[in-house]
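Working notes, beginning with the structure itself.
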There are 2 protein chains.
Amino acid sequence: MNPKYSVLLIEDEESIRSFISTTLKSQGYKITTAACGQEGLHLCASLCPDIILLDLGLPDIDGMTIIAKLREWSSTPIIVISARSHEQEKAKALDLGADDYITKPFGTVELLARIRTSLRHGNQFAVGNTPYAPIYRHKELMIDYDKHLVTLAGEMIHLTQIEYKLITLLAQNSGKVLTYSYIMEKIWGPYIDNNNQILRVNMANIRRKIEKNPATPEHVFTEIGIGYRMAECEQ
Amino acid sequence: MNPKYSVLLIEDEESIRSFISTTLKSQGYKITTAACGQEGLHLCASLCPDIILLDLGLPDIDGMTIIAKLREWSSTPIIVISARSHEQEKAKALDLGADDYITKPFGTVELLARIRTSLRHGNQFAVGNTPYAPIYRHKELMIDYDKHLVTLAGEMIHLTQIEYKLITLLAQNSGKVLTYSYIMEKIWGPYIDNNNQILRVNMANIRRKIEKNPATPEHVFTEIGIGYRMAECEQ
DNA sequence: TTAAATCTTTACGTTTTCTTTACGTCAAAT
DNA sequence: ATTTGACGTAAAGAAAACGTAAAGATTTAA
């Protein structure tokens, strides 16, 4: 890795801190740790890390507050670390501007994969309208934004307006979880009630068209309680 | 008979205006004239001519301004007419988007040649760096832009002026969806309201002429809620 | 000037899409 | 084992978008 990415880990539990530190160091990341929220905010401002790993259950400051405070001035990718017992927190964290989440206990492979994805798609350097790749491709599925065309194994797939908007939104953020509320607002505007039924129906219709077996999807994944995630674009 | 090419002449000198008018009429062009820049801009937006002849020395608006204003929405070929050959002026006009430049006094033969050339090369609907294709072909359908001719299985198809422009616009962007509003602006100018009814009627008429069964089209497809897309040119 | 062709508008039936409702399934928690 | 909550799917009604015929309006050609 060249140059090294710097990672800021905000985590109060000593055992997890050292586990992650060791893991990341061995992979060539430059890692700094903070044991409480106060320290974390301070270090973030002075270090300007490339990515932040944030445990939501800190002793001094509420995790949501930390995300909000960071997002006031920084767009550094944030990966939230959360205990399974606090499921509903995750969606809120993502809505506040976190980029991804990972649930304890987690494996090394998963953690590293999430970090790589977030760094790759990290919007910390994007100014204004992020330039998306002109084409999304994953396995047999291809989306040509310019031609407004979706093909599966070369075959044209007919999508309705809303279906196309939806898959485009997911594809242009592929690899990343988009929360239900985020998707709803993007597609149906800010005045829609937050009943996701209409979204589920549309997702089912899309899956019927692009998945061999909608029950075991290859392209669009459900993150239960959180939202949807699309397989990362190949290239 | 093929649809006539329509020409808009923007020229303040009466003698030149009538000279060019007579010349072009005798050659089968449909010509409209404007005596000042204001009128010229207005007529262009309402007529959407196939080509524009523009005198740079108009009394009211600077010629360069007119070119720039037209290029905000139209890609119709513009041939600039100038009293004196100033290399700088010529370069600037071409830079702003004019297609050719002719110096007074000029002969009939030269003018007609320039017009033919601009119309031929004026694949005015092709966007970006699309290579100039002299012919569109797909299944039995053929469009010869140079000859201004549409044939279906060798048989000549009679199209009206608007119908020809429409199918040309779609053909020169074949494979891509063109939105209703884009098409409306290209064919009916920037001042048309965004009621697509007139477009639907014209598409129905075109389909009646070129599709075996308009309900299951082979050449022009509707992308509901978005626009129309023409089958990609073969070869 | 008159007839024909073209363009635009109006009206209406059909198709497609959108939304809601109802119900079934699965997994986690009691 | 049962309950509960979240998600997926089917189907039906409502709404929007589309295509077509036909009647004016305008332009062009004879």
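Laid out as a table, the results:
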quantity	calculated
Residue with peak Gaussian network fluctuation, chain B [Cα springs, cutoff 10 Å], from B:Asn196, B:Asn213, B:Asn173	B:Asn213
Pseudo-label separations to other copies for A:Asp193 - Cα-to-Cβ vector, 7 Å, nm	3.5
Label geometry 7 Å along the beta-carbon vector: B:Phe221 inter-copy distances in nm	3.1
Cβ neighbours within 10 Å from other chains - mean over A:148-155	2
Cα gyration tensor shape of segment A:6-121, rounded if a/c is under 1.5, else prolate or oblate by comparing a/b with b/c	rounded
Selected from B:Pro49, B:Pro105, B:Pro214 as most flexible by GNM, with chain B as the system and alpha-carbon contacts under 10 Å	B:Pro105
Ranking of A:Leu170, A:Leu56 by count of other Cβ atoms within 10 Å, fewest first	A:Leu56, A:Leu170
Mean separation of Cα contacts under 8 Å (6+ apart) over length of segment B:6-121, as relative contact order %	23 percent
Taking B:Trp188, B:Trp73 and counting other C-beta atoms within 10 Å, the order from fewest to most	B:Trp73, B:Trp188
Helix-only [θ]222 nm of chain B, DSSP H runs n ≥ 4, -39500 (n - 2.57) each, per residue, nearest 500	-12000 deg cm²/dmol
Position A:Ile61, label points 7 Å along Cα→Cβ, spacing to each other copy in nm (shortest first, one decimal)	5.7
Whole-number percent relative contact order across chain A, with pairs defined as alpha carbons under 8 Å at least 6 apart	14 percent
B:Cys233, A:Cys44 arranged by Cβ crowding within 10 Å, fewest neighbours leading	B:Cys233, A:Cys44
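Any read-out appearing in this document is the output of simple, stated calculations on the displayed coordinates, not a laboratory observation. All figures in this text were calculated on a predicted structure; none of them were measured in a lab. Cβ sites come from the backbone with ideal geometry, for glycine too, and all protein chains shown count toward neighbours.
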